[in-house]
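The structure under discussion appears below in the form of structure tokens.
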Amino acid sequence: MKSPLLTLPGAVPAEGPDEGVAAHYGDLFREQRTLADGAGLVDLSHRGVVTVSGEERLSWLHLLLTQHMSELPPGRAAEALILSAHGHIEHALYLVDDGETVWAHVEPGTQEALIGYLESMKFFYRVEVADRTDDFAVVHLPAGSIAEAPEGVVVRETAHGRDLFLPRADLEGYAAGHGPLAGIWAYEALRVEQHRPRLGFETDHRTIPHELGWIGTAVHLQKGCYRGQETVARVQNLGKPPRRLVFLHLDGSEVQLPGHGTPVRLASEGEDGRQLGFITTSARHHELGPIALALVKRNVPVDAELVAGETAAAQEAVVQP
């Protein structure tokens with residue numbers, strides 16, 4: 001869904017999974033600094049919006065999601081995952097309950113498959129699942145922002161800022177009064193700095209929550225009754241995840257950033273060394289320079305110098321081996 005904010009002066013369209021919103025509005029680093037200072041607005045209107053209503057919505061979601069949902073207070077934000085039977089991550093939901101309805105935003109284009117799964121699991125429960133993407137746009141305000149949400153708009157507030165489920169018809173008007181705008185590249189650079197994983201970027205078909213640190217934010221270890229729970233419990237209690245997320249400081253002399261999927265190897269072995277992992281997201285940060293997240297094998301030494309493609313990379317452990 002193409003955002004109307006792409007018609008604003010300076011807007012450069014994003015590509016790939018973030019197609020439909022602006023990559024930037026002409027000054028990437030200024031936009032990052034604006035967000036870091038607690039000002040500005042990010043257009044996330046390309047993300048899917050799904051709602052679950054009905055008196056049994058929380059108890060029903062409690063059975064399906066990795067998060068403890070049955071006693072979620074109104075207004076409290078939560079992250080949750082849906083796993084496969086083998087414990088692999090299939091969906092990531094960013095949730096809030098307004099007292100009558102659970103609102104979630106999800107990765108662009110994933111809402112249809114998510115709703116299909118949820119509908120298949122309704123059985124006799126009194127719940128209603130709806131795709132609200134056509135009607136509502138997600139807007140992000142950074143932590144520290146003094147901008148106010150319009151009356152009646154559902155807000156999901158976390159340590160990283162507030163996500164507003166804004167009526168799509170109000171997007172242009174709200175953005176005009178609460179700028180300056182920051183593009184998705186600025187938002188992503190701060191996400192990488194904060195070591196926050198993203199579905200489809202830090203995940204592949206075999207990713208489990210422990211590998212990304214999602215075990216601490218999106219998985220409740222004191223509950224059961226969800227698909228994939230056996231894998232989560234087994235790895236948590238008896239084993240170790242096969243891979244781990246790392247944060248990389250990249251060589252700033254390189255012109256090109258290593259893209260998603262770029263092989264990661266030991267620097268001492270160079271391009272002929274065996275692949276130990278891959279780049280998941282890379283970005284240019286206004287203070288740190290070129291940075292990236294990568295998924296590497298658990299047994300890679302935490303002090304090892306790495307190379308991503310041809311780019312030297314110094315690692316910081318996000319998930320400890």
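The values are calculated or read from the model by the stated rules, or taken from the named source; none is laboratory data. This one's a predicted model, so the numbers in the text were calculated from it and none came from an experiment. No Cβ is skipped: glycine too gets one built from the backbone with ideal geometry, and neighbour counts run over all protein chains shown. The protein model used for the area step is the full one, side chains on, heavy atoms only, and it has no ligands, DNA or RNA in it. Shrake-Rupley method; radii C 1.70, N 1.55, O 1.52, S 1.80 Å.
Taking 19 Å as the cut-off, the amide N atoms of the range 185-225 that come nearer than this to a point 7 Å along the Cα-to-beta-carbon line of Ser120 belong to 205-207, 225.
Probing with 1.4 Å while keeping every protein chain in the model, the per residue accessible area of the range 196-321 equals 47 Å². Helix-only arithmetic for the chain: the sum of -39500 (n - 2.57) across DSSP H runs with n ≥ 4, divided by the residue total, places the mean residue ellipticity at 222 nm at -4500 deg cm²/dmol. Summarising the label geometry, the points placed 7 Å from Cα in the beta-carbon direction at Glu100 and Asp170 lie 1.5 nm from one another.
With a Förster radius of 45 Å applied to the C-beta separation of Ser84 and Arg33, the computed FRET efficiency comes to 0.65.
Classify the range 1-158 as rounded, prolate or oblate from the Cα gyration tensor: take a ≥ b ≥ c as the square roots of its eigenvalues, call it rounded if a/c is under 1.5, otherwise prolate when a/b beats b/c and oblate if not. In terms of gyration-tensor shape, prolate. Label-to-label distance, Glu254 versus Val12, with points set 7 angstrom from Cα along the beta-carbon direction: 2.0 nm.
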